[in-house]
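The block underneath contains the structure these notes are about, expressed in structure tokens.
The values are calculated or read from the model by the stated rules, or taken from the named source; none is laboratory data. In this text, all values refer to a predicted model and were calculated from it rather than measured experimentally. Heads up, the Cβs are rebuilt from the backbone with ideal geometry, glycines too, and the neighbour counts pull from every protein chain shown.
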Amino acid sequence: MVDFDSYYGRISEAASDPRLQVAIKKAVENYEGKKREWLGRIGRIPEFAKALGEKRRSDVDDLAKNVERAAEAMRYNGMGVFYARTADEAKGMILDLIGAERLVMKVKSLTTEEIGLNEFLQGRGVEVWETDVGAVLLQLTHGKAAHPTGLCISTPKERFAAEFSKMSGREIGTRPEDLVAYIREFVRGKIVGAKVAISGANAITADTGSIYLLTNEGNDRLVTSWPEKHIVVAGIDKVCPDREAADMYTRVMPFYTTGGGFTQYVSIITGISSSSDIERMSVRPACGPREIDVVLLDNGRSEMLASNDFKDALICLRCGACLLSCPVWRVIAQEYGESVYMGGMGTPLTLFTAGLEKVAPQAYTCLECGKCKEVCPVGIDVRHMIKKARELLAANNLVPPNIASLKEKILTSGSPYATGERLAR
């Protein structure tokens, strides 16, 4: 049963929150200002994005084959590779890989949020800590991200200060420098006791079995290098055919996520660390983890690939540029949908990873204005997928009551406004 009324109540409340509106406006202005600056400095970014879109679209039909190639390459590089058909399978595999360890440090990952990994592990006695500044705040407040890459861009610094002060047991002011410094101190102190790290992946190459991680905070380097075991959780859609495609991604992604021209850190992991300094004998591990395991998650993605109406969603970069241009998101931010994949672009992803009932309110929030396609770096036609999602929902009687009422009026009277007998034609 879909509770449309509660959802509409939440988005109405968000739309009426003046602090949220100020925060969103500031975030959008900063983003657009940075984009203008970097477009002037690196004018070819849209050209790179177009080429990336064409490549990802031409490669998507080979996804299953590339997943097999990537798995083979990663195993050759000494990594364990596991294929999970569902979210529950993935969580079970990850729990088995963690074994008896009771502390896990994480790098921000939409895929682990998709399957509810933190809550699952915590419910089984595993202490889990995020390490991105915004992700720590969301963990403390049980909040929902406002944007896939700018998790807390709608949250004022005073909220950070209050939560971090409570967490640390000391007063931390509202200066962003002090707030970030506290998380730096916390993560560096915590990581030395951890033997398991979990991250996502921005891209995985089929030719070399390389795992790409992009961050600005640098936490990925610390978190994935120190512990004895690194577990990577990635949707199969993160697999690309070769290093060329992954490198194109690293050039395009920063501009559309933050408006900047680069990310501070691009980590490429191609197997267990090794040393060949002694008689050119290769010894593993060197200073990195002893073990790297990769869980490749399907969870509806193969079904999406088989659909001509929805498979284009698999080429999405998860940059969130569409949200920052969306007139609805600019009013309600994180309340746009009930899934980790929010907004119009999140609708097909939610549909296939979480189901019809979960996606219903989200699908009917979109205005179908088409702004998302205009700004999408790879030109995804979200509006088409919204229409197809609504067709599926209507066929399953999952329609908001007000829309159902309009339909009934049209069928009985010929007009959405009429209340009497059917209008004469």
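Here are the numbers for the structure shown:
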{"quantity": "Residues of the range 325-357 that turn out to be surrounded by fewer than 24 Cβ atoms within 10 Å (Cβ to Cβ), among the aliphatic types (A, V, I, L, M) and assigned to a helix (DSSP H, G or I), as a count", "calculated": "3"}
{"quantity": "Whichever residue in the range 107-138 is assigned to a helix (DSSP H, G or I) and among the charged types (D, E, K, R) and, among such residues, is farthest from the chain's Cα centre (by Cα)", "calculated": "Glu119"}
{"quantity": "Top-ranked residue of the range 64-116 - restricted to ones that are of a type in the set (Phe, Trp, Tyr) and closer than 30 Å to Leu351 by Cβ, ranked as surrounded by the fewest Cβ atoms within 10 Å (Cβ to Cβ)", "calculated": "Tyr83"}
{"quantity": "Total residues in the range 24-63, condition surrounded by fewer than 19 Cβ atoms within 10 Å (Cβ to Cβ) and over 23 Å from Val239 (Cα atoms)", "calculated": "17"}
{"quantity": "Failed condition for Ser154, given (1) in contact with a Pro (Cβ under 6 Å, 6 or more places away or on another chain); (2) under 25 Å from Glu114 (Cβ atoms)", "calculated": "(1)"}
{"quantity": "Options Ala162, Ala194; residue that is at pLDDT 95 or above, more than 24 Å from the chain's Cα centre (by Cα) and under 25 Å from Asn30 (Cβ atoms)", "calculated": "Ala162"}
{"quantity": "Tally of residues being among the basic types (Lys, Arg) and either touching a strand residue (DSSP E or B) at 6+ places or on another chain (Cβ under 6 Å) or not assigned by TED's automatic domain parsing to the domain that holds Ile236 (or both) across the range 66-98", "calculated": "1"}
{"quantity": "Flag if Ser307 is among the small types (Gly, Ala, Ser), surrounded by fewer than 22 Cβ atoms within 10 Å (Cβ to Cβ) and more than 23 Å from Thr250 (Cα to Cα)", "calculated": "yes"}
{"quantity": "Meets criteria (exposed (fewer than 15 other Cβ atoms within 10 Å of the Cβ) and either out of contact with any Asp or Glu (no Cβ under 7 Å at 6 or more places or on another chain) or of a type in the set (Ser, Thr, Tyr) (or both)) for Gly150", "calculated": "no"}
{"quantity": "Extreme residue, nearest to Arg36 (Cα to Cα), among residues of the range 250-280 that are crowded, with 22+ Cβ neighbours inside 10 Å and in contact with a strand residue (DSSP E or B) (Cβ under 7 Å, 6 or more places away or on another chain)", "calculated": "Met253"}
{"quantity": "Complete set of residues in the range 76-94 that are in a helix (DSSP H, G or I) and either touching a residue at least 40 places away in the same chain (Cβ under 8 Å) or touching a Leu at 6+ places or on another chain (Cβ under 7 Å) (or both)", "calculated": "Tyr76, Ala87, Ala90, Lys91, Met93, Ile94"}
{"quantity": "Near pairs, Cβ below 7 angstrom, 6+ apart or cross-chain, from the range 350-363 (more than 20 Å from Leu297 (Cα to Cα)) to any residue that is in a loop (DSSP other than H, G, I, E, B) and among the hydrophobic types (A, V, I, L, M, F, W, C)", "calculated": "Glu357/Val2; Glu357/Leu398; Ala360/Val2; Ala360/Leu398; Pro361/Val2"}
